[in-house]
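The values are calculated or read from the model by the stated rules, or taken from the named source; none is laboratory data. Keep in mind that this is a model prediction, so the values were computed, not measured. Cβ: placed from backbone, ideal geometry, glycine included. Neighbour counts: every protein chain shown.
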Amino acid sequence: MPSVDQVREVLGTVQDPEIRRPITELGMVESIEVDGATVDVRVLLTVSGCPMRDEITTRVTAAVRSLDGVDNVRVALGVMDDDQRTKLREHLRGPAKDIPFTRPGNLTRIYAVASGKGGVGKSSVTTNLAVSLAQRGLAVGLLDADIYGHSIPRMLGVTAAPTVVDQMLMPPESHGVRAISMLPFKPGGANQPVAFRGPMLHRALEQFLTDVWWGDLDVLLLDLPPGTGDIAISTAQLLPSAELLIVTTPQPAAAEVAVRAGMLAEQTHQKVAGVIENMSGFPCPHCGEPIDLFGMGGGQLVAAALSEALGSNIPVLGRIPFDVRLREGGDAGMPLVLSAPTSPAATALTDIAAQLAAKPRGLAGVSLGLAPAARR
């Protein structure tokens, strides 16, 4: 027969599926009773409608049943009261609201995916990069910063609304990526327009950063709206360490507009991590001859122009061949890197993700809390 301490110890290996911390650390284990070969565990859910209640029950049951002498595990579920939820939020986020990605010591790599104009496939590229990074074992968050034209929920296949714990939002997860968007906050659904002026856009982005429990992320991707307006400027203000990824098509006219999106970095003091050319040439399915449906050279044009203007070597991270399945996957909520991982377009996306993943979670710009030694 196991002891209560043994049961509590094994429950310390059970993580909450959304928060990804041990349930014992989160104060979710209210009581443990051992009666011979039967163990009763009462677990407190964060909210009454917790979507992970069955998964939590399964994990607790499996962990306790692994102990010698346990034949029967009974899990009873309760709900935290307001005080317990407040303690949980303060344990996770601290007593004050702030942006966790700007705290000293935070090592999350932040990429803001930008474009000069719409229609270049920026959101499709962002979604597939996020999923590809998650496939590499990284903790990935995706913030749909296109408040007016949000499209990430459909492309990522996100159907659940965030769980709210004491005004803290637990973002839903799909394909290993945590995502937040304006969609669940619109009572009228997807077709309801968002009529926000500039200050309200800034506030919405700020709330996505301060009110959402992102956890310890390796990478945070932001899908920015096209152009160099309010959200692009607010991103630079709220996340000064964010690096820009510029998406363009091969067409010179589109590339010229994309250069402007990258040139914003000169005013906001950001770094441009690289350029991605989407909808590049692809082989004819009948004869194999290359077809440059949207022109040639746009990615290199943007990289060269930005390198010269910003005084740094800005690379073309990759060229993604045109593939109708990229669009189809976005409509179906099944990214191409999952549905057709060996396709040329998916391979290009995976290669770009590999370059981003290879960059370590560095200490550049992080305060180390050191001071010069006093002279003697």
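Given Ser181, Ser123, which one is touching a residue at least 40 places away in the same chain (Cβ under 8 Å) and in the same structural domain as Val247 (by TED's automatic domain parsing)? If you could, list the steps in order and put the result at the bottom.
Numbers: Ser181 fails: touching a residue at least 40 places away in the same chain (Cβ under 8 Å).
Just a single option satisfies the conditions, and that option is Ser123.
Asp144 falls short on exactly one of the conditions (1) modelled with pLDDT under 95; (2) assigned by TED's automatic domain parsing to the domain that holds Glu277, and that condition is (1).
Taking the range 245-270, which residues are among the polar types (S, T, N, Q) and in a loop (DSSP other than H, G, I, E, B)?
Just the residues of the range 245-270 that are among the polar types (S, T, N, Q), to begin with: 248-249, 251, 267-268, 270.
Once the filter is applied, which keeps residues that are among the polar types (S, T, N, Q) and in a loop (DSSP other than H, G, I, E, B), the range 245-270 yields Thr249, Gln251, Gln270.
Just to be sure before I move on: is Gly274 at positive phi and assigned to a loop (DSSP other than H, G, I, E, B) in the structure I sent?
Details: at positive phi: yes; assigned to a loop (DSSP other than H, G, I, E, B): no.
Taking the combined requirement at face value, the residue does not satisfy it.
For the structure I just gave you, tell me whether Leu221 is in a strand (DSSP E or B) and either crowded, with 22+ Cβ neighbours inside 10 Å or of a type outside the set (A, V, I, L, M, F, W, C) (or both). Spelling it out, Leu221 is indeed in a strand (DSSP E or B) and either crowded, with 22+ Cβ neighbours inside 10 Å or of a type outside the set (A, V, I, L, M, F, W, C) (or both).
Among the residues that make up the range 330-347, is at least one of them touching a strand residue (DSSP E or B) at 6+ places or on another chain (Cβ under 8 Å) and β-branched (Val, Ile, Thr)?
Residues of the range 330-347 that are touching a strand residue (DSSP E or B) at 6+ places or on another chain (Cβ under 8 Å), as a first pass: 333, 344-345.
Then drop every residue that is not β-branched (Val, Ile, Thr), which leaves none.
The answer is no; no qualifying residue exists.
Picking from residues in the range 66-114 that are more than 22 Å from the chain's Cα centre (by Cα) and small (Gly, Ala, Ser), the one that is nearest to Ile231 (Cα to Cα) is Ala96.
Do you know which residues across the range 35-65 are touching a Gly at 6+ places or on another chain (Cβ under 9 Å) and farther than 28 Å from Pro172 by Cβ? Within the range 35-65, Gly36, Ala37 meet the criteria.
Condition check: closer than 21 Å to Thr126 by Cα and modelled with pLDDT of 95 or more. Does Leu220 satisfy that? So Leu220 fits the description; yes. For the range 80-106, the set of residues classified as part of a helix (DSSP H, G or I) and free of Cβ contacts under 8 Å to residues at least 24 places away in the same chain consists of Asp83, Glu90, listed by residue number. For the range 327-334, the count of residues that are within 30 Å of Ala265 (Cα to Cα) and either among the aliphatic types (A, V, I, L, M) or not assigned by TED's automatic domain parsing to the domain that holds Gly119 (or both) is zero. When we screen Gly188, Gly198, Gly215 for residues that are small (Gly, Ala, Ser), assigned by TED's automatic domain parsing to the domain that holds Thr350 and without any contact (Cβ under 8 Å) to a residue 24 or more places away in the chain, the only hit is Gly188.
Can you tell me which residue among Leu156, Leu224 is within 28 Å of Val259 (Cβ to Cβ), in the same structural domain as Leu336 (by TED's automatic domain parsing) and of a type outside the set (Asp, Glu)? Step through it out loud before you land on a result.
On the way: Leu156 fails: within 28 Å of Val259 (Cβ to Cβ).
Of Leu156, Leu224, the one residue that is within 28 Å of Val259 (Cβ to Cβ), in the same structural domain as Leu336 (by TED's automatic domain parsing) and of a type outside the set (Asp, Glu) is Leu224.
If you go through the range 235-281 and pick out every residue that is at pLDDT 95 or above and among the basic types (Lys, Arg), you end up with 1. Scanning the range 62-79 for residues that are in contact (Cβ under 8 Å) with a residue 40 or more places away in the chain and buried (at least 17 other Cβ atoms within 10 Å of the Cβ) yields Ala63, Val64, Leu67, Val70. Among the residues of the range 320-336, none qualifies, meaning not one is at pLDDT below 95, surrounded by fewer than 17 Cβ atoms within 10 Å (Cβ to Cβ), touching an Asp or Glu at 6+ places or on another chain (Cβ under 8 Å) and not aromatic (Phe, Trp, Tyr).
Evaluate the following for Leu169: is it of a type in the set (A, V, I, L, M, F, W, C), touching a residue at least 24 places away in the same chain (Cβ under 8 Å) and touching a helix residue (DSSP H, G or I) at 6+ places or on another chain (Cβ under 8 Å)? It is false that Leu169 is of a type in the set (A, V, I, L, M, F, W, C), touching a residue at least 24 places away in the same chain (Cβ under 8 Å) and touching a helix residue (DSSP H, G or I) at 6+ places or on another chain (Cβ under 8 Å).
State whether one or more residues within the range 203-219 are over 17 Å from the mean Cα position of the chain (by Cα) and more than 24 Å from Arg103 (Cα to Cα). Looking through the range 203-219, none of the residues is over 17 Å from the mean Cα position of the chain (by Cα) and more than 24 Å from Arg103 (Cα to Cα).
So for the range 228-240 (the condition being in contact with a strand residue (DSSP E or B) (Cβ under 9 Å, 6 or more places away or on another chain), within 22 Å of Pro321 (Cα to Cα) and in the same structural domain as Leu317 (by TED's automatic domain parsing)), does at least one residue qualify? Scanning the range 228-240, I find no residue that is in contact with a strand residue (DSSP E or B) (Cβ under 9 Å, 6 or more places away or on another chain), within 22 Å of Pro321 (Cα to Cα) and in the same structural domain as Leu317 (by TED's automatic domain parsing), so the answer is no.
The set of residues in the range 28-50 being assigned to a loop (DSSP other than H, G, I, E, B) and either of a type in the set (Val, Ile, Thr) or loosely packed, with under 15 Cβ neighbours inside 10 Å (or both) consists of Gly36, Ala37, Thr46, Val47, Ser48, Gly49.
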